[in-house]
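Step one of this worksheet: look at the structure below.
The values are calculated or read from the model by the stated rules, or taken from the named source; none is laboratory data. From a predicted model like this one, the values you see are computed outputs, not experimental measurements. Cβ atoms come from the backbone with ideal geometry, glycine included; neighbour counts cover every protein chain shown.
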Amino acid sequence: MRNALASVLVVLAVLAAGCAGTGQKRTGEAATGAETEITDLVGQFIDFTMNEDYNGIKSLVAPAEAKDFDTRAFLEDRTRMKSGTYQILAWDKKFVAVTPVKGTQYELSSAVANVRILATNAVKPLYVNLYWQKQGGRWYIAPYPQLPKAEGK
């Protein structure tokens with residue numbers, strides 16, 4: 001228990017230092033409207049994931065893209081873990097970063113949650129990066145966004 005608590009504290013300290021070092025604002029510090037909205041949606045995404053509510057996650061995807069959206073495959077892609085092999089224990093809204101993606105209409109959210117790996121009972125951080133797009137005045141997850149290619153590639 002002591003090691004798990006120490007691990008959680010180290011992760012939170014690293015995240016706080018990372019936000020301070022990159023010039024990004026943490027959501028609680030004069031957040032813009034997009035940051036606040038997206039942070040709330042990230043919370044919904046994590047809550048749906050915690051409850052394995054795949055229809056709830058699908059509701060966060062733009063309706064035009066939701067028809068062919070495979071929630072389980074998307075989760076495994078974003079978490080790099082098989083569904084049903086972990087349990088989300090906690091996450092902190094203060095450590096969600098939202099930043100515009102240069103040269104696109106997307107916003108990128110980065111969040112961390114603490115998960116318990118079911119096979120080993122180990123507690124580890126899980127980093128989740130989601131792209132968001134605004135359609136009809138609302139933010140939606142962009143499952144597989146068309147990002148600009150890096151120069152020279």
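Could we say that residue 93 is closer than 16 Å to residue 125 by Cα, basic (Lys, Arg) and exposed (fewer than 14 other Cβ atoms within 10 Å of the Cβ) here? Give the steps one after another, and end with the answer.
Values: closer than 16 Å to residue 125 by Cα: yes; basic (Lys, Arg): yes; exposed (fewer than 14 other Cβ atoms within 10 Å of the Cβ): no.
Against the criterion (closer than 16 Å to residue 125 by Cα, basic (Lys, Arg) and exposed (fewer than 14 other Cβ atoms within 10 Å of the Cβ)), residue 93 does not qualify.
Part of a strand (DSSP E or B) and over 16 Å from residue 44 (Cβ atoms): is that true of residue 98 in this structure? Give the steps one after another, and end with the answer.
On the way: part of a strand (DSSP E or B): yes; over 16 Å from residue 44 (Cβ atoms): no.
Spelling it out, it is not the case that residue 98 is part of a strand (DSSP E or B) and over 16 Å from residue 44 (Cβ atoms).
Residue 33 fails exactly one of the following numbered conditions: (1) of a type in the set (Gly, Ala, Ser); (2) under 26 Å from residue 123 (Cβ atoms); (3) at pLDDT below 90. What is the number of that condition?
All conditions are met except number (2).
Could you please find all residues in region 53-68 being of a type outside the set (Lys, Arg) and either in a helix (DSSP H, G or I) or within 20 Å of residue 87 (Cα to Cα) (or both)? Reasoning before the result, please.
Here is the first cut: in region 53-68, the ones of a type outside the set (Lys, Arg) are 53-57, 59-66, 68.
Listed by number, the residues that qualify are 53, 54, 55, 56, 57, 63, 64, 65, 66.
For region 98-130, which positions are closer than 19 Å to residue 147 by Cα and hydrophobic (A, V, I, L, M, F, W, C)?
Correct list: 98, 101, 108, 128, 130.
Kindly check whether there is at least one residue in region 69-88 that is closer than 17 Å to residue 34 by Cβ, at pLDDT 90 or above and part of a loop (DSSP other than H, G, I, E, B). Don't jump to the end; show me each part of the working.
Residues of region 69-88 that are closer than 17 Å to residue 34 by Cβ, as a first pass: none.
Looking for residues that are closer than 17 Å to residue 34 by Cβ, at pLDDT 90 or above and part of a loop (DSSP other than H, G, I, E, B), one finds none in region 69-88, hence no.
State all residues of region 100-153 that are surrounded by 10 or more Cβ atoms within 10 Å (Cβ to Cβ) and among the small types (Gly, Ala, Ser); if no residue qualifies, say none.
Result: 109, 110, 111, 113, 122, 142.
Quick one: which of 41, 15, 5 is at pLDDT 50 or above and either within 28 Å of residue 118 (Cβ to Cβ) or not aromatic (Phe, Trp, Tyr) (or both)?
Working: 15 fails: at pLDDT 50 or above; 5 fails: at pLDDT 50 or above.
When all the criteria are applied, what remains is 41.
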